[in-house]
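The values are calculated or read from the model by the stated rules, or taken from the named source; none is laboratory data. The structure displayed is predicted, hence computed values, not measured ones. Backbone-built Cβ (ideal geometry, glycine too); neighbour counts: all protein chains shown. Protein only, heavy atoms only, side chains kept; ligands, DNA and RNA dropped before computing areas. Shrake-Rupley method; radii C 1.70, N 1.55, O 1.52, S 1.80 Å.
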Amino acid sequence: MAWMVSLNRFNPPFIRSAAGAVFTDVDGNDYLDFNVADLSMTMGYGPAPVVRAVSRQVLEGAQFLLPTEDALVVCQLLAEQVGLPCWQFTLSASGANIEVMRIARHITGREKIVVFDGHYHGHIDETLVSQGAEGVEHEQLGLPKGSASQTLILPFNDLAALEEVLARRDVALVLTEPALTNCTLVRPTPGYLEGVRRLTAQYGSLLCLDEAHTFQFAHGGLTGSWQLKTDFVVLGKGLGSGIAFALYGMTREIAQHLEHFTDSDIGPPGIATGGTLYASALAVSVARACLEEVLTSDNYQRINHLGARLANGLRRAFATHNLPWLAFQLGPRSGYCLTKELPKNGAEANLSMDAEFIDCRRLFMANRGIWDGILSAGPQVSFVHTESDIDRYVDVATKFLEELFSAK
Ligand SMILES: Cc1ncc(COP(=O)(O)O)c(C=O)c1O
């Protein structure tokens, strides 16, 4: 797969097995994992609740194309934790974002989508775009020409820029992570997300908070823990713990609209949602096990402490070498910021990282048994890491800086 090549610009190891926070390659080398498959394995490898759920559900029927009770429990738990009452299932966060866009376009009767510089929302025609000299351009090949013209890219943390665009009243959806996690880390400035909510409501656009990553940062995601108001929330990745699973939450009004326009094969066409394996009994049982037994507020609290330990360790390492760098931290996510101030948008975030530095560090650390975060991310604490795992990461990172800065 292209991603396996592009995310690791050295020959990737082939993996044989894994347990807890460590995976082992076919040559028998162990790696303490701080990438956790780009946050899709935050429960660790072989978590007992997931093993139990998978074993039971494969035996009792993995898929019926009919609902199971587990789906009701998952929706109930998410409604309580995130604050949106109604949920729909997909196989990936990309798929969830695609459906959210379709629903938003149908409700508003508008076409345009707003995303923010530094965004990533999955492999979707409209959002695989960046700002070029001539306007919004596709970042990859093979995409339909017209799709880039439906997307507007704005700087994050800039309410005036957003208002200028929304005031034209042709935007169906503003799609954003509550904190950008795909260009290292950009936090919202105080009041920014509340401002986004206010402006979208004022100008008749809908808002989707994409928490495919950030749901692993805080109980109920950032939406729940920061008590954000929104029309949609997208979740995925770690909730399936390796089984393809994602879903999106929505307000009751939107759910009523979706119910009214449900595509039922006979009669008039409805909104295009759904797929054969969406909400499979297997995936939903795994999500329930994760929510009930791993994603507890105590466990989130624990990994938040570990995230702070990691960030503090990096700060110490930078100070030892008199480096004017900062350590990012948002809950269990940390990382290296090579500028003197934390970035406030995607453009600043680009300046805060250096691809060669990251490639070099990842290779150095891989050769010493640590699997570091990919280029656009940073080291991520998982639910199975321990204090000594964090200290080991910091030790090897410190050695890397020593070697780098003592090199002649
Ligand atoms: C914020 C965000 N949304 C959506 C996606 C797409 O997820 P998937 O590849 O599981 O569809 C990603 C993937 O990294 C992501 O970071």
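In table form, for the structure just shown:
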item: Scope region 373-395; condition within 23 Å of Asn322 (Cα to Cα) and either in contact with a Phe, Trp or Tyr (Cβ under 8 Å, 6 or more places away or on another chain) or open to solvent by 60 Å² or more (accessible area, probe 1.4 Å) (or both); matching residues; result: Gly378, Pro379, Arg392, Tyr393, Asp395
item: Among residues of region 221-236, those that are farther than 16 Å from Ser92 by Cβ and within 12 Å of the ligand (Cβ to nearest atom), counted; result: 2
item: Candidate set from region 274-310 (those that are touching an Asp or Glu at 6+ places or on another chain (Cβ under 8 Å) and under 19 Å from Thr68 (Cα atoms)); member that is most open to solvent (accessible area, probe 1.4 Å); result: Arg288
item: Residue ID - farthest from the ligand (Cβ to nearest atom), chosen from residues in region 132-146 that are within 26 Å of Val186 (Cα to Cα) and buried (at least 16 other Cβ atoms within 10 Å of the Cβ); result: Val136
item: Selection count, region 71-103, where residues are crowded, with 22+ Cβ neighbours inside 10 Å, assigned to a helix (DSSP H, G or I) and either at positive phi or more than 16 Å from the ligand (Cβ to nearest atom) (or both); result: 3
item: Residue within region 104-123 that is over 22 Å from Met250 (Cβ atoms), assigned to a helix (DSSP H, G or I) and more than 16 Å from the ligand (Cβ to nearest atom) present; result: no
item: Subset tally (residues that are more than 16 Å from the ligand (Cβ to nearest atom) and either farther than 14 Å from Gly83 by Cα or not in a helix (DSSP H, G or I) (or both)) for region 237-252; result: 2
item: First in region 85-103 and in the same structural domain as His257 (by TED's automatic domain parsing), second anywhere and near the ligand (Cβ under 9 Å from one of its atoms) and among the acidic types (Asp, Glu), Cβ under 9 Å, 6 or more apart; result: Ala93/Asp210; Ala93/Glu211; Ala96/Asp210; Asn97/Asp210; Val100/Asp210
item: Qualifying residues in region 10-34 (those that are under 22 Å from the mean Cα position of the chain (by Cα) and in a loop (DSSP other than H, G, I, E, B)) - the one surrounded by the most Cβ atoms within 10 Å (Cβ to Cβ); result: Phe34
item: Neighbours by Cβ (under 7 Å, 6+ apart or cross-chain): first from region 218-230, on the phi > 0 side of the Ramachandran plot; second modelled with pLDDT of 95 or more and open to solvent by 20 Å² or more (accessible area, probe 1.4 Å); result: Gly220/Gln81
item: Single match in Arg168, Arg197 (criterion: assigned to a helix (DSSP H, G or I) and either away from the ligand (no atom under 16 Å from the Cβ) or open to solvent by less than 30 Å² (accessible area, probe 1.4 Å) (or both)); result: Arg197
item: From Leu59, Leu78, residue being touching a strand residue (DSSP E or B) at 6+ places or on another chain (Cβ under 7 Å), assigned by TED's automatic domain parsing to the domain that holds Thr276 and among the hydrophobic types (A, V, I, L, M, F, W, C); result: Leu78
item: Qualifying residue in region 151-165 (condition: open to solvent by 40 Å² or more (accessible area, probe 1.4 Å), in contact with a Phe, Trp or Tyr (Cβ under 8 Å, 6 or more places away or on another chain) and assigned to a loop (DSSP other than H, G, I, E, B)); result: yes
item: Test: residue in region 212-220 that is more than 24 Å from Val171 (Cβ to Cβ), within 16 Å of the ligand (Cβ to nearest atom), in contact with a Leu (Cβ under 9 Å, 6 or more places away or on another chain) and in a helix (DSSP H, G or I); result: yes
item: Residue pairs meeting the criteria (Cβ under 7 Å; at least 6 apart or on separate chains; first farther than 16 Å from Ile303 by Cα, in region 36-55; second of a type in the set (S, T, N, Q) and away from the ligand (no atom under 16 Å from the Cβ)); result: Ala53/Ser285
item: Residue pairs meeting the criteria (Cβ under 7 Å; at least 6 apart or on separate chains; first surrounded by 14 or more Cβ atoms within 10 Å (Cβ to Cβ), in region 337-356; second assigned to a helix (DSSP H, G or I)); result: Thr339/Leu351; Pro343/Ala349
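Residue-by-condition table, conditions (1) free of Cβ contacts under 8 Å to residues at least 12 places away in the same chain; (2) out of contact with any strand residue (DSSP E or B) (no Cβ under 9 Å at 6 or more places or on another chain):
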site: Leu162; (1), (2): no, no
site: Leu166; (1), (2): no, no
site: Thr176; (1), (2): no, no
site: Thr189; (1), (2): no, yes
site: Arg198; (1), (2): yes, yes
site: Gln202; (1), (2): no, yes
site: Asp210; (1), (2): no, no
site: Thr214; (1), (2): no, no
